[in-house]
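Accompanying notes for the structure given below.
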Amino acid sequence: MFRLLLKHDWRSLRGILGLLALVCLGAGIVGGCAMRSMIMLTSQDDPSAFLIVTSLFSIMVSFVSMGITVAGSLVFCIWRFYKSRYSDEGYMTFTLPATAHQILLSSLVSTLLAMLCMSITLMLGIGILMSIAFTAIPNFYADAARELPLLWNEIREAFREESGPFLSMLVYSPVAVVAEVIVLMLSVTIGSVVVRKLKVLAAIGVYYGINVLVSLASTITMVASGLLSTTSVQFYERFFLFPTLLMLALAIGGYFLMHYLASKKLNLP
């Protein structure tokens, strides 16, 4: 049943996600052409001020558009979570022969998968933008090909010397993303279970309250990491270690609280 739920959730997301991905890639192409034009204009003795302003505006719009597509995909996923679990459609969902864990996890996994796809799309969009822009620089790619081995060796050496902070950051990032999605889903769950009307506003208020508490706890952990560290390497390792543990606890606690509310306190019409 979990596989069927996940398949259904993904089908409900993929159409809008595909459209947002196309917008993101299109913004990358437009931004790349605008940046290429900007580079070529600045190399001229008497460039057109109108064209420079137009290129700058196009670059800004491209970056903003790519950011909006990623944020919009997350908002859409959370909206689908609300519609499929806590609206009239949710009544049908919770009457399926599936456990509350399966119902919640299918939405969580589909949302995380959607964010992974959009993150990859964003990196592709930025890569397209920069690839087009750099064609305006003579011999850029030939010079880059010669310098790439040296750059790679420097990165490897830096990672070898500071592997602890790098690994801590790599672990923190996915944990923080999962925790953020769970907090959003938990906020929607609390708003839908506790409040009869104005559920969206209640969910926003809960999300804001949780983030205030998390920010306060993060500040305390950063101060603690500074006090407990004797070297800069220890500081950066603990700088990510304590927030990682905090995000992990938030993700686990938030999920099981959401499961309790959805399985024990939910009263759909």
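None of the figures in this text is laboratory data; all of them are computed from the coordinates on show. Quick caveat: nothing in here was measured; it's all calculated off a predicted structure. So basically every Cβ, Gly included, is an ideal-geometry build from the backbone, and we count neighbours across all protein chains shown.
Along its principal axes, the range 10-157 has C-alpha extents of 70, 44, 19 angstrom, given from the largest down.
Please find the FRET efficiency linking N153 to L41, where r is the Cβ-Cβ separation and R0 is fixed at 41 Å, and quote it to the nearest 0.05.
Calculated transfer efficiency: 0.70.
Only lysine pairs 8 or more places apart or on separate chains count here, and in the chain those with Cα atoms under 18 Å apart total 6. Placing a pseudo-label 7 Å from each Cα along the Cα-to-Cβ vector at A144 and A217 gives an inter-label distance of 4.2 nm.
To the nearest 500 deg cm²/dmol, what mean residue ellipticity at 222 nm is calculated for the chain from DSSP H runs of n ≥ 4 alone, each contributing -39,500 (n - 2.57), summed and divided by the residues? Mean residue ellipticity, 222 nm, calculated: -31500 deg cm²/dmol. All Cα-Cα separations within the range 90-142 were binned at 10 Å from zero, giving a P(r) of 20, 25, 19, 15, 12, 8, 1, each value a whole percent of the pairs. Approximating the spin labels as points 7 Å out from Cα along Cα→Cβ, the K197-to-L116 distance works out to 4.3 nm.
Taking 0.36 nm per residue of separation and subtracting the Cα-Cα distance, full extension of the segment from K7 to I252 would add 85.8 nm. Couplings for the range 241-246, taken from phi via the Karplus curve 6.51 cos²θ - 1.76 cosθ + 1.60 with θ = phi - 60°, read 5, 5, x, 5, 4, 5 Hz in order; Gly and Pro are left as x. Springs join every pair of Cα atoms under 10 Å in this Gaussian network model of the chain, and among C24, C33, C77 the largest mean-square fluctuation is at C33. Kirkwood-type hydrodynamic radius, the chain: 21.8 Å, calculated from all non-identical alpha-carbon pairs.
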